[in-house]
Each structure stands twice: as C-alpha cells, then as structure tokens.
Amino acid sequence: QKAAFDWECKAVVAARPGVIVEQLILSHLDPGWPEKGRVEEARCHVVWGRVMAVEWAVGRRGSTVMSFRVDSAGRWYLMTDMNWLDHLLEDSFADPDGWADAMFTCVGTAIQKAEGVASATLADH
C-alpha cells in the first residue's frame with residue numbers, strides 16, 4: 001500500500017484546471033543500491049505539444065530544472081545546472097554516476113510520455 005503525502009494531496013486538490021498525470025513508481029535507479037526504492041518525480045512542462053522543461057525531484061531532498069535550448073545550428077539540447085546534486089549524491093546514492101545515467105534515460109521516457117499525453121488530449125502543461 002502506497003499513498004501520497006498530505007501536502008501532495010492538497011496540491012492536487014488546489015491545482016488549476018489542466019491535465020495532471022501521475023503514476024506512483026518507486027525509483028530503483030541507483031545501481032549500487034538496487035533494493036532501495038525512493039520517490040523521484042519528473043514534472044514535464046509542455047508548450048504547443050513539445051516538452052520545454054523537466055523538473056526532476058528526488059524525494060524531499062532537492063530538484064533541478066532541465067530546459068531545452070537551441071544551438072546556432074538549430075539543434076535542440078537539454079541543459080541543466082546539476083550543482084544541487086553535489087550534497088545529495090554524496091550521502092544518498094551508492095553509485096552516483098550510475099544513478100545519473102539511469103536518471104537521464106528516464107527523463108527521455110518521461111518526455112515521450114508527456115508529449116504523447118499532450119498530443120492525445122490537445123492540452124499543454
């Protein structure tokens with residue numbers, strides 16, 4: 001049995017009209033500690049059917065925002081300031097590099113799902 005935290009329930013109840021898609025899946029992204037499950041959350045912000053930013057939160061420990069940028073050749077790339085992870089990685093993950101690799105793989109999946117939902121429902125955010 002898993003349930004949302006009280007503050008999460010209040011946030012959902014107070015949310016403005018739009019689309020919220022949530023599915024609780026405990027993260028096991030740390031290859032050095034595979035039995036450890038934790039709440040990690042990807043919040044995708046969609047504009048005109050395309051994810052423009054992803055906020056990745058690790059429990060109540062911290063989060064970072066990754067946003068898409070366009071280089072001078074017109075190629076899209078994901079940019080983030082990972083400084084917030086310095087203190088988190090040292091005492092929260094047995095294999096920080098393995099976790100980071102797994103997290104970025106999950107970000108790709110989250111982006112695909114968010115864009116699919118936005119396209120299917122003709123909704124953004």
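Please list, ordered by chain and number, the residues whose modelled amide H lies under 5 Å from the amide H of Glu40; skip anything fewer than 5 residues away on the same chain.
The answer is Ser27, Gly59.
Residue-wise, which Karplus ³J(HN,Hα) couplings in Hz belong to the range 103-111, taking 6.51 cos²θ - 1.76 cosθ + 1.60, θ = phi - 60°, and x for glycine or proline?
Computed from phi, the couplings for the range 103-111 are 4, 5, 5, 5, 4, x, 5, 4, 4 Hz.
At Leu26 and Arg69, where each label point lies 7 Å from the Cα along Cα→Cβ, what is the point-to-point distance in nanometres?
Calculated label separation equals 3.8 nm.
The numbers here are math on the coordinates, done by the rules we state, and not lab data. Remember, it's a predicted structure, so these values are computed and weren't measured experimentally. FYI the Cβ positions are ideal-geometry reconstructions off the backbone, even for glycines, and counts take in every protein chain you see.
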